[in-house]
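Just so you know, all these numbers are worked out from the coordinates, no wet-lab data involved. In this text the structure is predicted, and so the values were computed from the model without any measurement. Glycine gets a Cβ as well: all are built from the backbone with ideal geometry, and neighbour counts include every protein chain shown.
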Amino acid sequence: MRRGFTLIELLVVIAIIGVLAGIVLVSLSGARNKAKDARIQADLTQVRSIAELIYDESSPNSYASLCTTGNRISTSSATYGPQLNTIVNDIYTQGGEYPVCYATSTNYCVSAKLASGGYVCIGSAGQMKTNLTSHCTSPTSCD
């Protein structure tokens, strides 16, 4: 009497393992997007902290140097440029788009695309808004 598995039994086991692996990979993609979204939100929190430092150190106090005229985060500052550049690149890597930035002397709004879809913004009022349908469009659009 021969002992062992038939070819059919082996193929059935391999097929079952393949189906289970596929289910696990689909489940992990949602978790991956949530992790990217959390990282984008943490990056924007860092931008908020740097914006307050820029405001406190400018004379007269102003958020205006946070953004460029092209509605991007300014990375040219000698003091905060390297940190902001790292943050901008990380947001781009996680969400696929560069953050959008609007600033005046008294207000700012910075928004980023989330990996799971939608947008998130931070504003000079101190709050973070999530699940938005677009980037901010003015310095006060996140307040």
Which FRET efficiency value, to the nearest 0.05, is calculated for Arg32 and Thr86 with the Förster distance at 22 angstrom and r the Cβ-Cβ distance?
0.55
Among (1) 23.0, 93; (2) 15.4, 54; (3) 19.9, 67, which is the computed Rg and Dmax of the Cα atoms in Å?
(1)
Taking K and R as +1 and D and E as -1, what net charge do the other residues with C-beta under 15 Å from the C-beta of Val88 add up to?
+1
Over segment 16-143, what relative contact order in percent results from Cα pairs under 8 Å that are six or more residues apart?
21
Return the single residue from Ile14, Ile50, Ile87 with maximal mean-square fluctuation; model: Gaussian network over the chain, springs between Cα atoms under 10 Å.
Ile14
I want the local charge near Val110. Using Cβ-Cβ distances under 14 Å, sum +1 for each Lys or Arg and -1 for each Asp or Glu among the other residues.
-1
By the mean-Cβ-within-10 Å protection proxy, highest first, 67-73, 135-141 rank as 135-141, 67-73
Compute the signed sum of charges (Lys and Arg +1, Asp and Glu -1) over the other residues within less than 12 Å, Cβ to Cβ, of Ile40.
0
Using a cut-off of 20 Å between alpha-carbon atoms, which aspartates and glutamates can reach Lys113, once sequence neighbours fewer than 8 places away in the same chain are excluded?
Asp37, Asp43, Asp90, Glu97, Asp143
